[in-house]
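Only one structure is covered here, and it is reproduced in the block below.
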């Protein structure tokens, strides 16, 4: 699965997620990706999230909208992302990852899986990582 | 703080010999999307461009490089959402197109529906002039190898479990 979230100069937010789905899936299986609130969600008033991971688990907790709910309650992008992922792990034993932004341009790339390739660009700096805790930067 | 774009290339296990390609792919997509934003472009154009780049990159499980279903075929899902209007568009179980994210955007822009699926999505793609591509053009050797390994009754349970991440 691949995904992106962005905030432009006007403060408008958007998200996009695309996937080939689950390895050796049944024909006709649809996962979280095309489901609003699961595969991603965007609202200028709150932020945006794109998700990846155990699709059925993500759908059961509507992970993208759950994280935005935590942000509505005042949590930071990072804390809200971690809360959503932790809930998914504890409640339905699901692993995954998310990229999250808020309208001010705060962002997070968080995951409970072994790895997640991620990158962010802001203020002419490229941030990226793969393993938990990795955060490299370089000038764009 | 603005503009900003954040990209992911999928959760799960990235084999060591593919980690550089994954990092390179997400960084390249982030640079392309950021270029749009820095030039005054809008966030929807930026996220769609980022995802197109990764759909076209065989490293990732989307577009070319998608994992195979049990029949050894490719069925893809995609979703876009606009935070200003809450407009959204999605496609599911769509076949034989290179960039499902562009079709999802067309669903958002050209229809009153939220999601089109399977043959209906394909018909819509044809009506919109989206070119069909051969199934084989979306299938990589790596995807075929993983499919065959996971068909086996004694498939590695760890790899099988990681494969359950879309």
Using the count of nearby Cβ atoms within 10 Å as a rough guide to exposure, how do A:128, B:142, A:41 rank from fewest to most? B:142, A:128, A:41
Selected from A:89, A:60, A:123 as most flexible by GNM, with chain A as the system and alpha-carbon contacts under 10 Å: A:123
I need to check one value: relative contact order of chain B, counting alpha carbon pairs closer than 8 Å and at least 6 residues apart, in percent. 19 percent
Residue B:128 to residue B:140: extension gain in nm, 0.36 nm per residue of separation minus the Cα-Cα distance? 1.6 nm
Suppose we look only past 16 Å in the calculated P(r) of region B:3-99. What percent of the Cα-Cα pairs does that tail hold? 60 percent
Note down the nm distance, to one decimal, between modelled labels 7 Å out along Cα→Cβ at residue B:19 and at residue A:131. 0.5 nm
Report the residue, chosen from A:92, A:61, A:77, that carries the largest GNM mean-square fluctuation when chain A is represented by alpha-carbon nodes joined by springs under 10 Å. A:92
Going 7 Å from the Cα of residue B:112 in the Cα-to-Cβ direction, what parts of region B:67-92 have a backbone nitrogen less than 18 Å from that spot? B:86-90
Which value in Å does the Kirkwood hydrodynamic radius of chain A take, with 1/r averaged over all unlike C-alpha pairs and then inverted? 14.9 Å
Where the centroid of each part is defined by its Cα atoms, how far is region A:1-69 from region B:15-67 in Å? 16 Å
When a footprinting reagent is the concern and you count Cβ atoms within 10 Å, what order do B:116, B:2 take, fewest first? B:2, B:116
Scattering curve values for region A:69-140, log₁₀ I(q)/I(0), Debye with Cα scatterers, q = 0.17, 0.22 Å⁻¹: -0.66, -1.00
Which three extents, in whole angstrom, do the alpha-carbon atoms of region A:17-99 cover along their principal axes, largest first? 41, 27, 16
Radius of gyration and Dmax for region B:45-87's Cα atoms, expressed in Å? 12.8, 40
Here the FRET efficiency for residue A:78 versus residue B:38, based on Cβ atoms and R0 = 30 Å and rounded to 0.05, is 0.75
Residue order, fewest to most beta carbons within 10 Å, for A:140, B:7: A:140, B:7
Any idea what the relative contact order of region A:27-140 is, in percent, if you count C-alpha pairs under 8 Å spaced at least 6 apart? 19 percent
Rounded to the nearest 0.05, what FRET efficiency do residue A:27 and residue A:86 have when you use their Cβ-Cβ distance and R0 = 30 Å? 0.35
If you split all Cα-Cα distances of region B:1-43 into 5 Å bins from zero, what percentages do you get per bin, shortest first? 5, 22, 24, 18, 13, 10, 6, 1
Between residue B:73 and residue B:87, what is the label-point separation in nm under the 7 Å Cα-to-beta-carbon projection? 3.2 nm
Region B:13-57: relative contact order in percent, alpha carbon pairs under 8 Å with at least 6 residues between: 37 percent
Separation of the residue A:93 and residue A:140 label points, Cα + 7 Å toward Cβ, nm: 4.2 nm
Does region B:8-166 come out rounded, prolate or oblate by the C-alpha gyration tensor, with a ≥ b ≥ c the root eigenvalues, rounded set by a/c under 1.5 and, if not, prolate when a/b is larger than b/c and oblate if not? oblate
Quick one: Kirkwood hydrodynamic radius for the protein assembly as shown, alpha-carbon pairs, angstrom, one decimal? 18.3 Å
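None of the figures in this text is laboratory data; all of them are computed from the coordinates on show. None of these values were measured; they are calculated from a predicted model. Ideal geometry is used to build each Cβ from the backbone, glycine not excepted, and the neighbour counts take in all protein chains shown.
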